[in-house]
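Accompanying notes for the structure given below.
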Amino acid sequence: MSDIPTRIYPLKSVRNFRDFGDYQGAENQTLKSGMLFRSAHFSDVLEQDLDALHSLSLGLLVDLRYHPERRRQPNRSMPNSSLVHFELAENSARSQQAYAPHEMFLKERLKTAEDSRDYMIKSYGDRPHDPVFIDIFSRTLQFMANNQAPLVIHCAAGKDRTGTLAAIIHKTLGVGDQDIMEDYMLTMKAVDIDSFLEPAAKFMSQRFERQISPDALRPMFGVEPAFLQSSLEAMGDFESYLKDKLKIDPDMRLQILKNYLAA
């Protein structure tokens, strides 16, 4: 496996951008590097970082954010005109809501760090069976079966919704559980959470007109093994989840392996 720091791309205006390929996958083959990327959002990306992103020849961008988030912080246009975009296919009522689900939690319910941690575990556990996420997870894997192209998956911070999909992609490609968790926890090396936790708590206190402390917010800004484990346990038997929920049959999976494992 590659040295961990080499996975993290030091982009100036995009947090948590990293390569999650180059792990050992099925049949002792290695995932290709330069093909699988994960990241925070791209709403503030600078020109110099757009140039760096262009050099990756991305074929697919998967935006896992809810509509209120995309409306408030739309991604900047990428220089690749042929780039395919996937977004959550929310129904009209859900898409017109003022706040994303986690924002509603911040606005109405968060009081303590334990509240935050409980919310994270529940949201991770719910995600694999939420129809809008099943849909976009399936579409992403179908793209991988039909294309041999680099892709980037992202949400707001590039750790939670992104973490669940990255784990699904890894498991589809045969990556072991230890490497899956190590990649997930890499957010704690890629992002200096302490540097913006207090300003974020102040901003959210003002935005939601209620006092939110940095300590209460901390679990939502970091990652913990129990969070991702909640998603993995919710999937149950992964082979069945992949086939029955995500509608990826053995032939499609074999094609994904051919496209994203090194020869």
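Filter region 31-81 down to the residues that are among the hydroxyl-bearing types (Ser, Thr, Tyr) and surrounded by fewer than 17 Cβ atoms within 10 Å (Cβ to Cβ) and list them by number. Show your work before the answer.
Pass one, region 31-81, residues among the hydroxyl-bearing types (Ser, Thr, Tyr): 33, 39, 43, 55, 57, 66, 77, 81.
Listed by number, the residues that qualify are Ser33, Ser43, Ser55, Ser57, Ser77, Ser81.
Within region 118-132, take every residue that is without any contact (Cβ under 8 Å) to a residue 60 or more places away in the chain and in a helix (DSSP H, G or I) and give me the one that is surrounded by the most Cβ atoms within 10 Å (Cβ to Cβ).
Of everything passing the filter in region 118-132, Ser123 is surrounded by the most Cβ atoms within 10 Å (Cβ to Cβ).
I'm trying to understand the selection: among the residues of region 219-243, which are charged (D, E, K, R), touching a residue at least 60 places away in the same chain (Cβ under 8 Å) and farther than 14 Å from Asp126 by Cβ?
As a first pass, look at region 219-243 and keep what is charged (D, E, K, R): 224, 233, 237, 239, 243.
Narrowing the set further to residues that are touching a residue at least 60 places away in the same chain (Cβ under 8 Å) leaves 224, 233.
The answer is Glu224, and nothing else.
Somewhere in region 38-49, is a residue in contact (Cβ under 8 Å) with a residue 24 or more places away in the chain, within 26 Å of Met185 (Cα to Cα) and touching a Pro at 6+ places or on another chain (Cβ under 8 Å)? Yes.
All of (1) in contact with a strand residue (DSSP E or B) (Cβ under 6 Å, 6 or more places away or on another chain); (2) farther than 19 Å from Arg127 by Cα hold for Leu56 with one exception: (1).
Table: residues versus (1) among the charged types (D, E, K, R); (2) more than 22 Å from Leu246 (Cα to Cα); (3) more than 14 Å from the chain's Cα centre (by Cα).
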residue: Tyr99; (1), (2), (3): no, yes, yes
residue: Glu108; (1), (2), (3): yes, yes, yes
residue: His129; (1), (2), (3): no, no, yes
residue: Ala149; (1), (2), (3): no, no, yes
residue: Gln178; (1), (2), (3): no, yes, yes
residue: Ala200; (1), (2), (3): no, yes, yes
residue: Ser205; (1), (2), (3): no, yes, yes
residue: Phe208; (1), (2), (3): no, yes, yes
residue: Ile212; (1), (2), (3): no, yes, yes
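Considering each of Ser82, Ser95 in turn, give the residue that is farther than 21 Å from Arg127 by Cα and modelled with pLDDT under 95.
Numbers: Ser95 fails: farther than 21 Å from Arg127 by Cα.
Unique residue meeting the criteria: Ser82.
So which residues in region 133-189 are polar (S, T, N, Q) and without any contact (Cβ under 8 Å) to a residue 40 or more places away in the chain, if there are any at all? Spell out how you get there, then give the answer.
Step one: of region 133-189, the residues polar (S, T, N, Q) are 138, 140, 142, 146-148, 162, 164, 172, 178, 187.
Once the filter is applied, which keeps residues that are polar (S, T, N, Q) and without any contact (Cβ under 8 Å) to a residue 40 or more places away in the chain, region 133-189 yields only Gln178.
Evaluating Ile256 against the criteria (1) closer than 23 Å to His102 by Cβ; (2) under 20 Å from the mean Cα position of the chain (by Cα) leaves one unmet condition, (1).
Does Ala145 qualify as being of a type in the set (A, V, I, L, M, F, W, C), in a helix (DSSP H, G or I) and touching a strand residue (DSSP E or B) at 6+ places or on another chain (Cβ under 6 Å)? No: the conditions fail for Ala145.
The values are calculated or read from the model by the stated rules, or taken from the named source; none is laboratory data. The structure presented is a predicted model; accordingly, all values stated were derived computationally and were not measured. Neighbour counts are summed over all protein chains in view; Cβ atoms, including those assigned to glycine, are modelled from backbone coordinates with ideal geometry.
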